[in-house]
Every structure is written in C-alpha cells, then in structure tokens.
Amino acid sequence: MNRSILRTAVCCAWVSLAAVTAAQAQAASTSTTAVLPDFTGIVEKNASAVVHVEAKYTGKSRKPSRTSSDQSSPEQQSPDQDGTPDDPQADMLRRFFGMPMMPSPEDQKHTSLGSGFIISRDGYVLTNNHVVDGADEVTVRLQDRRTLTAKVVGTDPKYDIALLKISDGNNLPMVSIGDSRSLKPGQWVLAIGSPFGFDYTVTQGIVSAIGRNLGSSDQPYTSFIQTDVPINQGNSGGPLFNLQGQVVGVNSQIYSSTGGYQGVAFSIPIDVAMSAVEQIKQHGFVTRGQLGVHVGPLSDDVVKALKLPNANGAIVSDVDPGSAAAKAGVQAGDIVVGYNGQSINQAPDLPPLVGLTKPGTKVPLEIIRDGKKKAIEVIVGAAPRDGRAVSTASGAQPSAPSGSTALGLSVQDIDATTRQQLALKSGDGVEISSITGQVASSAGLQQGDVILMVNQQRIGSAIAFQAATKGLKPGDTVLLLVRRGDQSQFIGLTVPDGK
C-alpha cells in the first residue's frame, strides 16, 4: 500500500517535472523566436536596389591609388604598403572593391568588382570611391541580370564616396535612406553585397560601436559605424540596413591581419554619405568646414600638469594665423571639450564634426583655459578641397621635456637662419641643443626640437627657459609645447624622484 502510494507520488512528480520542463522549453523557444529577427522581408524589399559594380581599367587613365595595384588585389595590401604615411592601424585596415581579373599580356586590362545601391528612381547609385577610382569604364548589374553602363558623376576620396548615374535610368528600384545618427550599439543590421563575386549575398550582425575614428590619414572626417557583420572582398560600397529596411551605412573597410573577415567591419554613416552626394550633385565636389587649429591627445602627464579631472578633450597645440579659430580667440593650450553641443572626448572626435559643418556657420565651442570652462563662438571657415578641417597629431610624437638638469636637456637661443627656416617670429622659442638625461630621452625629445611654451607661458630665450624651469622638485610635472618641423604638440614631463 505504502509502496503503491510512493510509486504513484514519484510518477506524479516525474510527470509534473516533465510538464514544467516542456513549458520552460516552449517559453524559451517563444522567447528566442521573439528576440531573433526575420530578415527575409528586408531582403525581398531591397535586394533589387542593390547592384554589382564592375570598374574596368585599361591603364591609360588609371591614377596611382593607395588602395589599388595592377598586380594584386588592393584588399590584399595594407595601406602603408602603398607608400602612405605611417599609421598604427594601417597594416590591419583593408578596403574592398572585390576580386580583380588580372591583366592580360595583350591589353593590360583588368576589372575590379564591388557593390553599390540605387538611391533614386532615375538611376543614381552610391558606392565607395575606391571601387571606381580612376576607372575607364563602369557598369552595374541588377538583380534581374541586366548590365547597364554607369557614369561617375563625382567622387570624394576623403569620405571614400562615389556617385554614379546609370545611363537611361528610368523607374528603377531604390532603397530607403535611414538615419545613422539614431544607431545604438547592440542593434541588428544587415548587409547585401557581392563578396568574392557572389552577387546578392546577405550577411547579418549587430552594431558593435558608433563614432569609431580609425586615425587613417586619408579619412579623418569619418566617424565609422563598427559592426560584426561579415564583410569580405567585393562588399565595398554595398548597403548596411537597419531592421526597418533603411540604409544606415555604406560598407567600406574591415580590420584584418589576414585580408579576410575577422569580426570587425566598418561602414560610413549614411548621413555623411548623403551629405557628400547632395554636394556632388550641386557643385561637383564636397566642401568642408575648417577651424584652423592643430590638436593632440591629452596624455596622463599633460592631465597631471594642467590638473585636469580627466583626459577628455583635445588640446590645441597651434592656431593658424587668420583662421576661424584665431579670429575667435582660440589659443594654444586651450582644451576643446565641446563643439556645437557635442562632447569631444578625444582629439579624433573633432575633425568629423568640423568637416560636416557648412562654412560660414556660427558654432559654439567649449574650451578649458586656465582650469576654467569657457564658451566662445566660431564662424567656421572653408577647408581647401585637399585640406583638413583640423590637424591631429600622428606618428612619432615630439614628446616633452624642459631644459634643465632635472629634465635631462639643454637649450639655446635660436639663430636667425634657423628661425627663418622654421618661420618663427623673433623671440619665439628656444632650441634643444642636447639631450643630457633619461627624462628627455625617454620622452622622445631630440636635438633641434624647439620649445615654444613652458607651462602655457611663451618663452623666447634660454634665460627665460631656465627661469621657467627653476626650482623643479621630484614629482613636479612641466608642460611644454614642442615643435618639430611643422608640427607642434604639448608634452607633459614629470621629474623623477631620483631613488
């Protein structure tokens, strides 16, 4: 009797447990179904507006390009292999315009393949500049297999954007343009393109980060969208969609040590791309704003020397005479922490914001000067078409000592010939005559560097320099403005404790 009851209870317990397990599994399945999106609707709606781009080169009008070679696929080369300025990440960044068909001995022709998308019914197509740069002939292939001739209306290498126009375009399918400024990390996104020549390949992932500055010398104006969407050779110029089926980015580069996808991809925000498109349509080229300042990062020593609460901001190392910044009263040593209502957390944050500003616009600039926040207004100037909105320090940094035994260097007055060569005014700066200690050596200072300021005070003689650095004690940090060539940068140097 008891055994029967026990057996029945055990059976009931197992039945109850199984029911709970089944319910949990069903709930989990339902939850998973609710969370994971179905991308088929986006693909069905937009695939017909995505095009396969073929750029043909005869070699007659082909211009040298940092991302192309007649002998190898540009995506197989690192940017610095093409003779561009050094960049800490250059050997890892890859642009993709597809699989080149190698030149034949007879005519030395080849074709590079990429992607693009139609943005208007009459046949305007958006793609990357590096997909069609220097091409003699461009064609696009639609999803219905039609191959149509396209004309390059205009390009902007700084944004890496190219606008094409399909000949005799009429009532063509087109994408919907979204708002890349509303993107947030963690959102689902979808790419359609032609990786390795496989047309209309769909890949998906999430937004990994926004406002990503790569530090590339040729794209200082772009704050990229970083995703984990698989992007490969031939995806360049293709669209990045949000879950509403709107284009929010133009796929452009990946971060890779092998030349293939490794989980980090970058897209140009569609707002930036469409701004370039409208200007190309109206003027044939893209204009950008310019402040006329040179900015650099806030190192730990600089933060310590200026007694700043954190390292957020960009420190002004130089102001171009007659520039928008000079007219507004911006000074070397100012720390830019806000531009037009947006925070500046690091030096590369500033150029994209300035570049997107229409010349002639009055913009509020928030700076820190002498430890206090100050708001000033700047009427943004126009950047030369090959110029920069803001120059940022890159490559080898002049680093920063002062001239004394404590700091490990000696200085001397600048002779007239050197002053003329460096375009320095009379009474501006002192020259480092020798490196005498570890402090200056470790900071990277060199003989011939010019020290313009000590603790934000301009100096013009060796005597003035000695006076400014007199009485330094272990642990003191001195802030120097050091010039090497035509680049200036603030450097903080801490006197060692001598133990």
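The values are calculated or read from the model by the stated rules, or taken from the named source; none is laboratory data. As the structure is a prediction and not an experimental result, all values here were calculated from the model. Counting neighbours? That spans all protein chains shown, and the Cβs are built from the backbone with ideal geometry, glycine included.
Brief remarks on what is shown
- Residues of the range 427-464 that turn out to be more than 22 Å from G475 (Cα to Cα) and in contact (Cβ under 8 Å) with a residue 60 or more places away in the chain, as a count: 1
- Of V153, V175, all but one fail to be within 18 Å of Y124 (Cβ to Cβ), of a type outside the set (G, A, S) and surrounded by fewer than 19 Cβ atoms within 10 Å (Cβ to Cβ); the exception is V153.
- Wholly within the range 234-323, strands (runs of 3 or more DSSP E) carrying at least 1 residues that are closer than 30 Å to F39 by Cα: 239-241, 246-255, 265-269
- Residues being under 17 Å from L306 (Cβ atoms), touching a Gly at 6+ places or on another chain (Cβ under 8 Å), at pLDDT 75 or above and not basic (K, R) - total across the range 368-406: 1
- So A468, is it free of Cβ contacts under 8 Å to residues at least 12 places away in the same chain, out of contact with any Pro (no Cβ under 9 Å at 6 or more places or on another chain) and of a type in the set (G, A, S): no
- Qualifying residue in the range 209-216 (condition: under 18 Å from V53 (Cβ atoms) and out of contact with any Gly (no Cβ under 7 Å at 6 or more places or on another chain)): no
- When residues of the range 324-340 are limited to those that are in a strand (DSSP E or B) and of a type in the set (A, V, I, L, M, F, W, C), the one nearest to V495 (Cα to Cα): I335
- Selection from the range 280-303 of residues that are over 30 Å from L480 (Cβ atoms) and touching a strand residue (DSSP E or B) at 6+ places or on another chain (Cβ under 8 Å): I280, K281, G284, F285, V286, T287, R288, G289
- The set of residues from the range 330-344 being surrounded by 15 or more Cβ atoms within 10 Å (Cβ to Cβ) and over 16 Å from R458 (Cβ atoms) comprises I335, V336, V337, G338, Y339, N340, I344.
- Test: residue in the range 193-206 that is of a type in the set (A, V, I, L, M), surrounded by 18 or more Cβ atoms within 10 Å (Cβ to Cβ) and out of contact with any helix residue (DSSP H, G or I) (no Cβ under 6 Å at 6 or more places or on another chain): no
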